[in-house]
Amino acid sequence: MASFGIGSTIGTGIFFVMSVAVPEAGPSVIVSFVFAGLAAGLAALCYAEMASAVPVSGSTYSYAYATLGELTAMAVAGCLLLEYGVSTAAVSVGWSGYLNELLGDLNIPEIPHALSAAPFDADPGVVNLPAIILVAMCAMLLIRGASESARANTIMVAIKLAVLTMFVVIAFTAFNDDNLTPFFTDGAHGVTLAAGTIFFSFIGLDTISTAGEEVKDPQRTMPRALLAALATVVLVYVLVALAAVAAQPTENFAKQQSAGLAQILNDVTGQTWPSLILSAGAVISIFSVTLVTLYGQTRILFAMGRDGMLPEFFTKVNPRTLTPVNNTIVVAIVVAILAGFIPLDYLADMVSVGTLVAFIVVSLGVIILRRRQPDLERPFRVPLYPITPILAIAACAYILYGLHWYTFVFFGIWVGAVIAFYLLWGRHHSALNKPGPDDAGLGTPTTEAAP
């Protein structure tokens, strides 16, 4: 399970978000990664307690359903669907950039894509074909079964860590103190803004909790996986960020809209083989990010359908593989459309809000569940309670404050549409409003769900 978290986290924050985050904060982007990691770490402790106490599929949605009520859970579900869907599309677009970098190193013609420096200014009629192909491949793998997906993900994580280690070693040979001054190009504002930009890369912590019913001994496995994934991710992020910003001037990052790390290796060594290896590793390993985030969204839709918040169509599973095929197909179609037609930078701006709100809800849920059910079995308990969840809420709220205003506008429109759907349809069909025993959506294991 830790490999699932590492797989979905490393790949978004490092391979291609540097070109957006470094221009915002300069060399102090290193502090942004540390700050974002601290906020995510505090939230991870809260996730660990909730995962051990409420080990079910659906992650933050299920936690909100159990602690904050149906309406709040639906709003959180909207955050998660936005978070997973848009982040999957974003990493797919980034993947296509590394694919074309790899093809260029091999002297093979690039595949047409829609990457651009400004939102919505791609050439009319141009489709990001590699991103669409990637989503389709991940969907087919998930339809075959989660166990096969997990094995593939573990291999991809190993490849990812290997190529990033190679990047750090080579980039440090070009370490230049001058590139680190001035360190704070925009003060605290730049650090906070960059932290908000990169925060979506910590989505892997939430992804682990979506599989609460599909792992053995979740009370012990999931908390350990959450903390192990966080420690690995923060260490790798800081090392790669330090090596990158010390290897080239800050202004160069804004010119690297895709495959930024590969371009740094080209500049440092003057040769193509390091870039070729890194691009090949990125093409293989970023696959795991798309795989895991796609997986997480299908499980959230399943949990919502089981609670009656969505039509029964979303509760159907394949009788042989026990995977939600309908959900996988629907999610893949929506994500493929986003990835095929919307540029990377616009997609990245829309993800962090959902992630931060999810972290805040989980931290708040720990406090509420402690008060409502103090005797509930909790194999893992948040240390320094209630200070830790309060600090987690405060840190995430502070990073939210630093995001662009237009991000909140689009976020509000989306969540408003989700709540409207609940008021018009969801509340009339929810399990809570039907006769019969129901445990707030927490009683039916995924593997026992029937079509």
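Each label point was placed 7 Å from the Cα along the Cα-to-Cβ direction; for residue 140 and residue 235 their separation is 3.7 nm. Taking 0.36 nm per residue of separation and subtracting the current Cα-Cα distance, fully stretching the chain between residue 385 and residue 313 would add 21.8 nm. Take the Cβ atoms of residue 71 and residue 38, set R0 to 35 Å, and the FRET efficiency comes out at 0.65.
For an R0 of 25 angstrom, estimate the FRET efficiency from the Cβ-Cβ distance between residue 375 and residue 228 and round to the nearest 0.05. The pair residue 375/residue 228 has a calculated efficiency of 0.30.
Here the spin labels are modelled as points 7 Å beyond Cα on the Cα-Cβ line, and at residue 333 and residue 251 they lie 4.9 nm apart.
Taking packing as the residue-averaged number of other Cβ atoms within 10 angstrom, the listed peptides 362-372, 292-302, 37-47, 166-176 run from highest to lowest as 292-302, 37-47, 362-372, 166-176. In a fully extended conformation the segment linking residue 168 and residue 368 would gain 67.7 nm over its present Cα-Cα distance, using 0.36 nm per residue. The stretch between residue 158 and residue 421, if pulled fully straight at 0.36 nm per residue, gains 90.5 nm over its current Cα-Cα span. Binning at 5 angstrom from zero up to the longest distance, how are the C-alpha pair distances of region 24-104 distributed in percent? Final binned percentages: 3, 12, 12, 14, 19, 15, 12, 8, 4, 1, 0.
In terms of surrounding Cβ atoms within a 10 Å radius of their Cβ, 101, 70 rank from fewest to most as 70, 101.
Laboratory data are not the source of any read-out in this text; all were calculated from the coordinates shown. If you're wondering where the values come from, they're calculated on a predicted model, not measured in any experiment. Counting neighbours? That spans all protein chains shown, and the Cβs are built from the backbone with ideal geometry, glycine included.
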